[in-house]
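To start, the structure under review is shown below, and the notes come after it.
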Amino acid sequence: MAFYFEFTKPCAGAEISLPADPLEEGGGYEYFVMYACDRLAQTDCEFRIGGFGLEDWGFDVAYDMSSFLEELPALIEGVCARQDVDLFLYPQGVERTLFFSGKGSVISIRCESDTEWKPFPSVEEIPRQELIAMLRSFARDFSESLLGAAPLVAHQPPFEQWRNAVETAIPAD
């Protein structure tokens with residue numbers, strides 16, 4: 001299975017049983033991500049990521065997906081600027097780092113694991129446009145889901161831009 005990630009939005013009308021806690025003053029991007037993922041975990045949405053010989057890495061929405069989202073702006077910036085970038089996924093049991101490199105039409109991704117699991121293969125390639133399409137789809141679907149699950153966060157940057165102008169937020173070239 002080649003490297004991939006995808007977010008499946010909650011079904012329309014999916015209700016969250018707990019009332020939304022107020023946002024803390026001065027909360028930054030990481031705080032908003034954790035808040036949003038906690039709220040989305042109360043829905044039927046799903047996050048899947050896999051590759052390097054393992055089809056599904058078994059990420060949950062509440063905690064594991066937040067580690068991916070914390071690194072997402074740097075990944076978007078690096079891929080769009082054609083710069084090397086790494087993505088550290090720290091949840092216990094996952095503990096792996098993905099190294100993205102490639103200035104042309106193909107991006108090489110190297111996976112290093114800090115657990116007993118070892119990636120095979122340890123390097124995969126993906127067309128740059130395919131990775132950008134995955135980034136756009138994830139960012140748009142995640143941010144649209146916030147409107148129902150975490151409306152207090154939905155209008156914070158960069159989520160509103162991801163929802164309203166994903167092609168501008170994540171340019172192809």
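Here is the size of the range 25-105 from its Cα atoms: Rg then Dmax, 13.9, 43 Å. A 1.4 Å probe, protein heavy atoms only, puts the accessible area of Lys103 near 130 Å².
If you take the alpha carbon atoms of the chain and fit the smallest convex hull around them, that volume is 110 Å³ per residue.
Computed from the C-beta positions of Phe99 and Met1, the FRET efficiency with R₀ = 25 Å rounds to 0.85.
Could you state the accessible area per residue of the chain in Å², with a 1.4 Å probe and every protein chain left in place? Mind showing how you got there, number by number?
On the way: 8530 Å² over 173 residues.
Accessible area per residue: 49 Å².
What is the range 32-72 by shape, rounded, prolate or oblate, if you read a ≥ b ≥ c off the alpha carbon gyration tensor as root eigenvalues and call it rounded for a/c under 1.5, prolate for a/b larger than b/c, and oblate otherwise? Oblate. Applied to the range 57-62, the Karplus parametrisation 6.51 cos²θ - 1.76 cosθ + 1.60 on θ = phi - 60° returns per-residue 3J(HN,Hα) values of 7, x, 6, 8, 7, 5 Hz, with x for Gly and Pro. Taking one quarter of the surface of the convex hull spanned by the alpha-carbon atoms of the range 89-163 gives a direction-averaged projected area of 6.4 nm². Only helices enter this figure: runs of n ≥ 4 DSSP H residues, each worth -39500 (n - 2.57), summed and divided by the residues of the chain, yield -11500 deg cm²/dmol at 222 nm to the nearest 500.
How much of the accessible area of the chain, in percent, comes from carbon and sulfur atoms when a 1.4 Å probe is used?
Values: 4330 of 8530 Å².
Taking all protein chains in place, the chain shows 51 percent carbon and sulfur surface.
How long are the semi-axes of the equivalent ellipsoid of the range 124-173, defined as square roots of 5 times the Cα gyration tensor eigenvalues? Whole Å, largest first.
On the way: eigenvalues 109, 25, 8 Å².
Here the semi-axes work out to 23, 11, 6 Å.
The values are calculated or read from the model by the stated rules, or taken from the named source; none is laboratory data. What you are looking at is a predicted structure, and each value in this text was computed from that prediction instead of being measured. Cβ atoms come from the backbone with ideal geometry, glycine included; neighbour counts cover every protein chain shown. To get the accessible areas, we keep the full protein, side chains included, count just its heavy atoms, and leave off ligands, DNA and RNA. Shrake-Rupley method; radii C 1.70, N 1.55, O 1.52, S 1.80 Å.
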